[in-house]
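The values are calculated or read from the model by the stated rules, or taken from the named source; none is laboratory data. Since the model is a prediction, treat every value here as computed from it, not as a measurement. FYI the Cβ positions are ideal-geometry reconstructions off the backbone, even for glycines, and counts take in every protein chain you see.
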Amino acid sequence: MKVMILGAGQLARMMALAGAPLNIKISAYDIHSGDLVHPVTKEVLGHGLESSIDNADVITAEFEHINIDILKLCQSSGKIFPNAESILTGGDRRKEKILLDRAGVKNTRYQIIENRADFDAAITYINLPLILKSALDGYDGRGQWRLKTQNEANAVWQKITKFLKTSPQAERQCIIAEPFIAFDREISLIGARSADGTMAIYPLTENIHTDGILSVSISANENEKLQTQAESMFKSVADSLNYVGVLAIEFFEVNGTLTVNEIAPRVHNSGHWTQQGSDVCQFENHLRAVCNLPLGSTNRIRPTAMVNIIGEATVPQSIMSFAHLHWYDKAPRPRRKIGHINLSANDINSLGESLRQLSMFLAKDQFPALHEAAHKLI
């Protein structure tokens, strides 16, 4: 089986590593250069989208911000999973909101902003404080603004106006206004769906962010009520999209109730813990789903946490005595994900101790959420 992935980053790399034991041969189409490359070695295997599509049995994607023309050509081949509409929905907050409403899934109130009149109307309709997010190309805290008071409105609008004018997709870009949610926790659900509707869903994961970027994910605690809520929402969204592959849904938890924040039509950073914490990791289950193979077990076999390595070229090798290192072979720069660390333990307290131990090896200013994560479990 030959699978081509749209995108040649770390998610494609991890899918290639997961697919090798299944004899799934994976290539990655670099949407910027037009080269077809090996996701791990970066060896150039070919060039051009049409020939790459012809040589693939299955096409999938590692991210959702993909040119519409590329997705249309892939969709016309009948080989792309999830379908192009699912990927486009994950990359456009307008489409995402419409999908969630159609699926009857609880999400935040919102208003679409294209001009100053819309901006002022959103302040009145939703009330302050507001979170303002770009409809397109927003990720890891980029393309987001917070409006706390009316006195800040003009300054925030000036920033948004500049963004709209300089956006690579200026003709399609807009802003989505949402109320600020005073949530108790941010959590996510990762699940896989096959073409016949079969689903395999992982336990909920608690996420800790720093400056809009995921720092730590923890999969350790059981909460049957929340799991049931999340799985019901997952099924509604996945069925609405006729989805095939791994889908991630991020939630806000407020007083035991979940509200969808956003979806990601792909394998997801908050699911990296599955590499050491589950029978079958999210990368393998994604490949199983898109290649029409039986889905594997999503049971958590032990409490596990994932710590992102952001902007750092190295970490002490001594942590390998109790942790698993996953490097992405990427040059470090500020706010860039360079790798991640997985920690597993036999019970929740031991996982907390492992996180505390890890925090002794890593600088607090570079890994600010580690101490918070350890405190949650000990």
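Any idea how many residues of the range 192-234 are buried (at least 18 other Cβ atoms within 10 Å of the Cβ) and basic (Lys, Arg)?
1
Let me spell it out: the conditions are (1) more than 30 Å from Phe180 (Cβ to Cβ); (2) assigned to a loop (DSSP other than H, G, I, E, B); (3) among the aliphatic types (A, V, I, L, M); (4) touching a Ser or Thr at 6+ places or on another chain (Cβ under 6 Å), and Leu45 meets all of them except one. Which number is the exception?
(2)
When you look at Leu36, is it over 23 Å from Arg288 (Cα atoms), in contact with a strand residue (DSSP E or B) (Cβ under 8 Å, 6 or more places away or on another chain) and either in a loop (DSSP other than H, G, I, E, B) or not small (Gly, Ala, Ser) (or both), yes or no?
no
What are the residues in the range 96-109 that are modelled with pLDDT of 95 or more and crowded, with 16+ Cβ neighbours inside 10 Å, if any?
Residues satisfying the conditions are Glu96, Lys97, Leu99, Leu100, Ala103, Val105, Asn107.
Restricting to the range 93-120, give me the number of residues that are farther than 20 Å from Lys162 by Cα and of a type in the set (A, V, I, L, M).
Counting residues in the range 93-120 that are farther than 20 Å from Lys162 by Cα and of a type in the set (A, V, I, L, M) gives 5.
Tell me the residue from Gly91, Gly7 that is surrounded by 14 or more Cβ atoms within 10 Å (Cβ to Cβ), within 18 Å of Tyr328 (Cβ to Cβ) and under 24 Å from the mean Cα position of the chain (by Cα), please.
One residue alone meets the criteria, Gly7.
May I ask you to list the residues in the range 161-197 that are modelled with pLDDT under 95 and aliphatic (A, V, I, L, M)?
Leu164, Ala170, Ile181, Ala182, listed by residue number.
What's the total number of residues in the range 127-153 that are part of a strand (DSSP E or B) and either out of contact with any strand residue (DSSP E or B) (no Cβ under 7 Å at 6 or more places or on another chain) or of a type in the set (Val, Ile, Thr) (or both)?
Residues flagged as part of a strand (DSSP E or B) and either out of contact with any strand residue (DSSP E or B) (no Cβ under 7 Å at 6 or more places or on another chain) or of a type in the set (Val, Ile, Thr) (or both) within the range 127-153 amount to 1.
If you take the residues in the range 333-349 that are in contact (Cβ under 8 Å) with a residue 40 or more places away in the chain and over 22 Å from the mean Cα position of the chain (by Cα), which one is surrounded by the most Cβ atoms within 10 Å (Cβ to Cβ)?
The residue in question is Ala345.
Could you list, in sequence order, all residues of the range 207-233 that are at pLDDT 95 or above and out of contact with any Ser or Thr (no Cβ under 7 Å at 6 or more places or on another chain)?
Ser215, Val216, Glu224, Lys225, Leu226, Gln227, Thr228, Gln229, Ala230, Glu231, Ser232, Met233
Given (1) assigned by TED's automatic domain parsing to the domain that holds Asn308; (2) surrounded by fewer than 21 Cβ atoms within 10 Å (Cβ to Cβ), identify the lone condition not met by Gln173.
(1)
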